[in-house]
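Read through the structure below, which is laid out as structure tokens, and then see the notes.
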Amino acid sequence: MLCAGAALALSGAAPAERYDLREGLNLNSFVRSGPVAAHVVLRSGKQPRLLVAFPAGNSGVAVWFQPLPRDATWRMVDPPQPVTQMDAKGRALHGVRFNVVIDAPTLVARQAVLSSIRVIRDYQALETAPAEVLTEPRRDGATLRWARDRLDGAPGYALAMAVQQGQMTGGAIMAGQSGTIRLVVTALTGETPLTPRGGGALLNDRARADDGARRALTFLSYAEKFLAGSWRFDTYFGRDTLMSVRLLMPALQPEAVETGLSSVLARLSPAGEVAHEEDIGEYAVLDHRKADGTSSDAPVYNYNMVDGDYMLAPVARAWLLDDPRGRARAAAFLARRVGGETLGARLVRNLRFVLAQAAPFARDPLPARLIALKPGMDAGEWRDSNDGLAGGRIPYDVNAVLVPAALDAAAALHASGLLQPYLSAPDAPVFAGARDVAERWRAHAPHLFDVSIPVEQGRQAVRRYAEVVGVPAGPAMSAMGQGPVRFPAIALDGAGRPIPVQHSDPGFALLFGQPSTESLGIMAATFTAPFPAGLRTGAGMLVANPAFADATIQRRFSPNAYHGTVVWSWQQALVAAGLARQLERRDLPAGTRGMLSRAQACLWDGIEATRAVQSSELWSWRFADGRYQVVPFGAAGADVDESNAAQLWSTVYLALRRPSGSIGACRPR
């Protein structure tokens, strides 16, 4: 229960940071002020939804309405206002109040969920939620209210919808004479607020003047951690933090870089593994009730992913050794203590793990000794949907790039002397041999992923697949040379055989490695060739192209699949940063440099054509009227999920600029 009339506007807080963004069916409104940070998501269409996500405790409130006979559209009348309201026990709940209109004849609340975003996310996908978190509405005149304490008795959550236009009849809200329904909505959480970070404390003067990316990054940035994305991932994700910090590093203030690194180091497993995600707030309570019967809210960390384990070292190296700002702060940073242990000791723990995991393949370079997904897992790196690796068990990005990059970083950090205070006697010979182990991996691992398809077989595959997906084959066929189609497999299957799906993960090699001229030529061709001979479309660079695989695999990689023939914003940024890095090399022949420059120009053409959705997590496409058109992911009923409107690693363009010489350079051969 809430105390009536106890809502207070946060007049004493800092000026509210606000912005709105409409994507497909979703109208997004973000606000942050003092203890309030909230993301309002109004979903239009035949199945309307009202949702408010809070970074505090990764919590939220949402209500799904009964299906409508026709599409209805939400409109925000007034921007969300930050409010604080006391519950019946005198405890502060923080949230927002806003005024909305929907052009629906009737609204009937089908189900409300007030809990962790993890619970809300699961309900959105599966329409199930733990019975103990569900609560029935209470009608108070023309207002519907939902309120409950957290399961452990801590301050909980509240949602109220007051009818301002229309009338309530039974459990239904009926439109007025105007044919619309107007509601004043109050959404609140009792979870502990985070400490906002923004402005000059977040970005330096090297950051680009990109208002959309700045707003998204600011909403996702706190002194405690970065959030992976909103609304669905309003908390720490290890891989997302590491890649975002690496790509944003030139534009971030030192304290922001170190927030990212320390948040990862603080969550390492005892063995040195990087935590993928954290369960906090009420989701942690639910975890403990299942695991040990308690109602503890101690965070629970997920270590199911394998890629973050090998990202930490190269990102730490980029800051502690390669960036002059980080190098000047490195010793003090590593000496900081978290949970009674120095960050330096924690970093060494991860490096020991990396070295131990890499040793078997270095001794005997067979596919069975590469880094595979964990037993029972269908996913284990950034393509973390069930079909993201086409059933593969041994991912390209981890084995061909990240493991040798982590080994190189371990060798460099050891040679710098920074790790000396944190090493034990048995570490000395192991760390001293890290560079040799890296060389063994580089010499043997990437070649195990090589795919080579005879030219005529490749041309037939492109022609057939273009017809299947309804795109023109002509540009793709014209781009194909007279030699075999070559690219690295997206993964190896359980028997160590390459799975022939083209993909964007060579971007990791461009950013973290020193590929051979031959490899660079293959990568450039993949990024430059029009789909379905390569990854380039007018809607951006696809993250996967199954044209050369069998029909079963092709069906897994549709434009409706989370890691299918779709565009992920950060993957374009990864390739852009990697190409810029490779073009700084002095050892490249003119022909290779020309191929990379053309790939860079083509990539940036795609980036600039999709600026409007750049800060989104991902998007899909359709081919109509002779061109590729952007389609927000989640706008179609067949899409497996919906995209976040604010995604941490999609803001990394703040640190990237198109080279002036690349404009107009994406020409057909």
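The values are calculated or read from the model by the stated rules, or taken from the named source; none is laboratory data. Computed from a prediction, not measured in an experiment: that's the story for all the values here. Using ideal geometry, Cβ is built from the backbone for each residue, glycine included, and neighbour counts are taken over all protein chains shown. Protein only, heavy atoms only, side chains kept; ligands, DNA and RNA dropped before computing areas. Shrake-Rupley method; radii C 1.70, N 1.55, O 1.52, S 1.80 Å.
Looking only at region 562-590, which residues are open to solvent by less than 50 Å² (accessible area, probe 1.4 Å) and farther than 21 Å from residue 505 by Cβ?
588
Might you check whether a residue that is under 21 Å from residue 508 (Cβ atoms), in a loop (DSSP other than H, G, I, E, B), open to solvent by less than 20 Å² (accessible area, probe 1.4 Å) and touching a Leu at 6+ places or on another chain (Cβ under 7 Å) occurs anywhere in region 303-311?
For region 303-311, residues under 21 Å from residue 508 (Cβ atoms), in a loop (DSSP other than H, G, I, E, B), open to solvent by less than 20 Å² (accessible area, probe 1.4 Å) and touching a Leu at 6+ places or on another chain (Cβ under 7 Å): present.
Being within 15 Å of residue 419 (Cβ to Cβ), free of Cβ contacts under 8 Å to residues at least 40 places away in the same chain and out of contact with any strand residue (DSSP E or B) (no Cβ under 8 Å at 6 or more places or on another chain) is true for just one of 345, 316, 332. Which residue is that?
332
For region 437-452, how many residues meet the condition of being among the small types (Gly, Ala, Ser) and either part of a helix (DSSP H, G or I) or modelled with pLDDT under 95 (or both)?
2
Given the criteria more than 16 Å from residue 161 (Cβ to Cβ), modelled with pLDDT of 95 or more and assigned to a loop (DSSP other than H, G, I, E, B), does residue 82 qualify?
Criteria not met by residue 82.
Please give the number of the condition residue 526 fails out of (1) among the hydroxyl-bearing types (Ser, Thr, Tyr); (2) modelled with pLDDT under 95; (3) in contact with a His (Cβ under 9 Å, 6 or more places away or on another chain).
Exception for residue 526: condition (2).
Which condition number does residue 240 fail, the rest of (1) within 24 Å of residue 413 (Cβ to Cβ); (2) outside any helix (DSSP H, G or I) being met?
(2)
If you check residue 586 against the conditions, is it closer than 28 Å to residue 127 by Cα and free of Cβ contacts under 8 Å to residues at least 24 places away in the same chain?
no
Out of all the residues in region 73-94, which are within 29 Å of the chain's Cα centre (by Cα) and closer than 19 Å to residue 153 by Cα?
Matches in region 73-94: 93, 94.
Take the conditions more than 29 Å from residue 202 (Cα to Cα) and part of a loop (DSSP other than H, G, I, E, B) and apply them to residue 594. Does it pass?
no
Looking at the structure I just gave you, is residue 541 surrounded by fewer than 23 Cβ atoms within 10 Å (Cβ to Cβ), in contact (Cβ under 8 Å) with a residue 24 or more places away in the chain and over 20 Å from residue 386 (Cβ atoms)?
Here the answer is no, as residue 541 does not meet what is asked.
Assess whether residue 187 counts as being among the small types (Gly, Ala, Ser), under 30 Å from residue 104 (Cα atoms), in contact with a Lys or Arg (Cβ under 9 Å, 6 or more places away or on another chain) and not in a loop (DSSP other than H, G, I, E, B).
So residue 187 fits the description; yes.
So which pairs qualify, if the first residue must be in region 545-562 and under 20 Å from residue 384 (Cβ atoms), the second must be small (Gly, Ala, Ser) and open to solvent by 20 Å² or more (accessible area, probe 1.4 Å), the Cβ gap must be under 6 Å, and the two must be at least 6 apart or on different chains?
Note: pairs meeting the criteria are 560/638; 562/385.
Taking residue 507, is it part of a helix (DSSP H, G or I) and either out of contact with any Asp or Glu (no Cβ under 9 Å at 6 or more places or on another chain) or open to solvent by less than 10 Å² (accessible area, probe 1.4 Å) (or both)?
yes
So is residue 169 at pLDDT 95 or above, open to solvent by 50 Å² or more (accessible area, probe 1.4 Å), β-branched (Val, Ile, Thr) and within 19 Å of residue 63 (Cβ to Cβ) or not?
no
Under 8 Å between Cβ atoms, which residue pairs at least 6 apart in sequence (or on different chains) link something in region 381-408 that is over 13 Å from residue 313 (Cα atoms) with a partner that is outside any helix (DSSP H, G or I) and basic (Lys, Arg)?
389/383; 395/383
Could you list all residues from region 594-613 that are charged (D, E, K, R) and open to solvent by less than 70 Å² (accessible area, probe 1.4 Å)?
598, 605
Examine region 466-481 for a residue that is modelled with pLDDT under 95, of a type outside the set (Val, Ile, Thr) and within 29 Å of residue 496 (Cα to Cα), and state whether such a residue exists.
Yes, because at least one residue in region 466-481 is modelled with pLDDT under 95, of a type outside the set (Val, Ile, Thr) and within 29 Å of residue 496 (Cα to Cα).
Working only within region 185-234, note down all residues that are within 29 Å of residue 283 (Cβ to Cβ), open to solvent by 30 Å² or more (accessible area, probe 1.4 Å) and either among the acidic types (Asp, Glu) or free of Cβ contacts under 8 Å to residues at least 12 places away in the same chain (or both).
Of everything in region 185-234, just one residue is within 29 Å of residue 283 (Cβ to Cβ), open to solvent by 30 Å² or more (accessible area, probe 1.4 Å) and either among the acidic types (Asp, Glu) or free of Cβ contacts under 8 Å to residues at least 12 places away in the same chain (or both), namely 224.
Answer yes or no: is there a residue in region 156-177 that is under 19 Å from residue 117 (Cβ atoms), outside any strand (DSSP E or B) and not acidic (Asp, Glu).
Taking every residue of region 156-177 in turn, at least one turns out to be under 19 Å from residue 117 (Cβ atoms), outside any strand (DSSP E or B) and not acidic (Asp, Glu).
Can you tell me which residues in region 454-503 are polar (S, T, N, Q) and either surrounded by 18 or more Cβ atoms within 10 Å (Cβ to Cβ) or in a loop (DSSP other than H, G, I, E, B) (or both)?
Hits for region 454-503 are 482, 502.
Conditions tested, residue by residue: (1) under 14 Å from residue 186 (Cα atoms); (2) at pLDDT 95 or above; (3) open to solvent by 40 Å² or more (accessible area, probe 1.4 Å); (4) not in a strand (DSSP E or B).
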site: 4; (1), (2), (3), (4): yes, no, yes, yes
site: 13; (1), (2), (3), (4): no, no, no, yes
site: 40; (1), (2), (3), (4): yes, yes, no, no
site: 53; (1), (2), (3), (4): yes, yes, no, no
site: 61; (1), (2), (3), (4): yes, yes, no, no
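Are any residues in region 507-529 in contact with a Gly (Cβ under 9 Å, 6 or more places away or on another chain) and over 28 Å from residue 409 (Cβ atoms), and if so, which ones?
If the condition is that a residue be in contact with a Gly (Cβ under 9 Å, 6 or more places away or on another chain) and over 28 Å from residue 409 (Cβ atoms), then 525, 528 are the ones that fit.
Looking only at residues in region 99-123 that are in a helix (DSSP H, G or I) and closer than 26 Å to residue 77 by Cα, which one is nearest to the chain's Cα centre (by Cα)?
117
On the given criteria, is residue 69 of a type outside the set (A, V, I, L, M, F, W, C), assigned to a strand (DSSP E or B) and open to solvent by 10 Å² or more (accessible area, probe 1.4 Å)?
no
Results for (1) at pLDDT below 95; (2) touching a Cys at 6+ places or on another chain (Cβ under 6 Å); (3) open to solvent by less than 50 Å² (accessible area, probe 1.4 Å); (4) closer than 22 Å to residue 345 by Cβ, shown as yes or no for each residue.
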site: 388; (1), (2), (3), (4): no, no, yes, no
site: 395; (1), (2), (3), (4): no, no, yes, no
site: 410; (1), (2), (3), (4): no, no, yes, yes
site: 419; (1), (2), (3), (4): no, no, yes, yes
site: 423; (1), (2), (3), (4): no, no, yes, yes
site: 435; (1), (2), (3), (4): no, no, no, no
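For region 515-538, which positions are in contact (Cβ under 8 Å) with a residue 12 or more places away in the chain, part of a loop (DSSP other than H, G, I, E, B) and either more than 22 Å from residue 467 (Cβ to Cβ) or β-branched (Val, Ile, Thr) (or both)?
Selection gives 515 alone.
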